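Remarks on the structure that follows.
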Amino acid sequence: MIIGSHVSLSAPNYLLAAFEEAHHYQANACMIYTGAPQNTKRIDVSRLKINEAIAYGNEHDLSIEHVVIHAPYIINLANTINEQTFELGVDFLRQELKRVSQIGAKILVLHPGAHVKQGEDAGLQQIIKGLDLAMEGMDPSIHIALETMAGKGSELGYRFEQLAYIMEHCKYNAQLGICMDTCHLHDAGYDVANFDAVLNEFDDAIGMNRLCCIHVNDSKNSRGARKDRHANIGFGEIGFAALKEIVHHPALKDVIKILETPYVDGHAPYRLEIEMLKSGIFDQDLIEKIKEEK
Ligand code: FE
Ligand code: FE
Ligand code: ZN
């Protein structure tokens, strides 16, 4: 099982610190932002302690190829109202692809975008335009994984058909993949408890070979709520049984799984959640135990 969680890239050791954090969670994968997810301030890649991290990873079952990078939320390629927002998104995405390549990671997760009241079709066309601009000349060993979204506000990408449409019309189609998010799928109306049916639908619309990673999260809201609020594993509306099935699913064996569940009173839940998912046995007292995590 290739599983990990979101970890932080904090000074002064950056990627090395991220790997140490991931190892503390008994993870063999992780996800990072190259800086704060809400802004575009980034330090130079040469300062990220990449070689140190790779050396540490070699000793601790953490491969740089299992590091997923998440693009910041401020990128909105679907924006047709504010030219500057769109251009900033394209420009930042182009730079982010370079950073991913320099780091040696293979997957950049991207929220497709929100159409900000201009209609879904206008938004989808703009996303395609933005991807075509940003992906020109990119490292061909990298994939941009478009994330399945909850459909909150004017978010696009909450249906497989929308993601398929973007992929089909993008010039760099071969460089595009998908990151499924179980909370988002559930909030968008998919029945995550019946995951084989979801995978069949996904395979028909997009193709299983396009699945790059899965964000494994429970959801605080009911199916179809289009809210996007993550819950701890087994403590939301999806429930432990369904999430356990997904992480142990034979068809998803080689797909990187990343937890983005909430901290509990300032304590990271990941070590215990990963352990619980691996064991397949639900722990009723998990939340109380998380509060004792270091
Ligand atoms: Fe995301
Ligand atoms: Fe996610
Ligand atoms: Zn989310």
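The values are calculated or read from the model by the stated rules, or taken from the named source; none is laboratory data. Just so you know, these numbers come straight off a predicted model, no measurement behind them. Every residue, glycine as well, gets a Cβ built from its backbone with ideal geometry; the counts of neighbours run over all protein chains shown. Please note that ligands, DNA and RNA were not included when accessible areas were found on the heavy atoms of the full protein model with its side chains. Shrake-Rupley method; radii C 1.70, N 1.55, O 1.52, S 1.80 Å.
Out of curiosity, is residue 238 open to solvent by less than 10 Å² (accessible area, probe 1.4 Å), more than 16 Å from ligand 1 (Cβ to nearest atom) and not polar (S, T, N, Q)? Here the answer is no, as residue 238 does not meet what is asked. Looking across segment 132-159, the residues that are surrounded by 20 or more Cβ atoms within 10 Å (Cβ to Cβ) and on the phi > 0 side of the Ramachandran plot come down to 151, 157. Quick check on residue 62: is it of a type in the set (A, V, I, L, M), farther than 19 Å from residue 256 by Cα and away from ligand 3 (no atom under 16 Å from the Cβ)? So residue 62 does not fit the description; no. Restricting segment 145-163 to residues that are of a type in the set (Asp, Glu) and within 15 Å of ligand 2 (Cβ to nearest atom), the residue that is nearest to residue 119 (Cα to Cα) is 155. All but one of (1) among the polar types (S, T, N, Q); (2) open to solvent by less than 20 Å² (accessible area, probe 1.4 Å); (3) closer than 20 Å to residue 151 by Cβ hold for residue 232, so report the exception by its number. Failing condition for residue 232: (3). Restricting segment 176-209 to residues that are among the small types (Gly, Ala, Ser) and away from ligand 3 (no atom under 12 Å from the Cβ), the residue that is most open to solvent (accessible area, probe 1.4 Å) is 193. Residues that are within 15 Å of residue 64 (Cα to Cα) and crowded, with 16+ Cβ neighbours inside 10 Å were ranked within segment 82-103; the one that is nearest to ligand 2 (Cβ to nearest atom) is 100. Candidates in segment 54-73 are the residues that are part of a helix (DSSP H, G or I) and either within 16 Å of ligand 1 (Cβ to nearest atom) or out of contact with any Asp or Glu (no Cβ under 9 Å at 6 or more places or on another chain) (or both); of these, the one that is most open to solvent (accessible area, probe 1.4 Å) is 59. Look at segment 105-126: where a residue is part of a helix (DSSP H, G or I) and a partner is open to solvent by 40 Å² or more (accessible area, probe 1.4 Å) and away from ligand 3 (no atom under 16 Å from the Cβ), sitting 6+ places away or on another chain with Cβ atoms under 8 Å, you get 122/80; 123/80; 123/116; 124/165; 126/80. Answer yes or no as to whether residue 212 is open to solvent by 20 Å² or more (accessible area, probe 1.4 Å), within 16 Å of ligand 2 (Cβ to nearest atom) and within 22 Å of residue 2 (Cα to Cα). In short, yes.
Just to be sure, is residue 41 surrounded by fewer than 16 Cβ atoms within 10 Å (Cβ to Cβ) and of a type in the set (Lys, Arg)? Yes. Looking across segment 167-197, the residues that are more than 23 Å from residue 154 (Cα to Cα) and either in contact with a helix residue (DSSP H, G or I) (Cβ under 8 Å, 6 or more places away or on another chain) or among the aliphatic types (A, V, I, L, M) (or both) come down to 171, 172, 173, 174, 193, 195, 197. Among the residues making up segment 256-272, those that are away from ligand 3 (no atom under 16 Å from the Cβ) and either over 18 Å from residue 32 (Cβ atoms) or charged (D, E, K, R) (or both) are 264, 265, 266, 267, 271, 272. Only a single item in (1) away from ligand 1 (no atom under 16 Å from the Cβ); (2) among the small types (Gly, Ala, Ser); (3) more than 29 Å from residue 126 (Cα to Cα) is not met by residue 219, and it is number (1). Sub-9 Å Cβ pairs linking a first residue in segment 32-54 that is closer than 15 Å to residue 13 by Cβ to a second residue that is in a helix (DSSP H, G or I) and open to solvent by 50 Å² or more (accessible area, probe 1.4 Å), at least 6 apart or interchain, are 45/98; 45/102; 46/102; 48/102; 50/102; 53/20, ordered by first then second residue. Scanning segment 242-262 for residues that are open to solvent by 50 Å² or more (accessible area, probe 1.4 Å) and touching a residue at least 24 places away in the same chain (Cβ under 8 Å) gives 244, 245, 248, 251, 253, 254.
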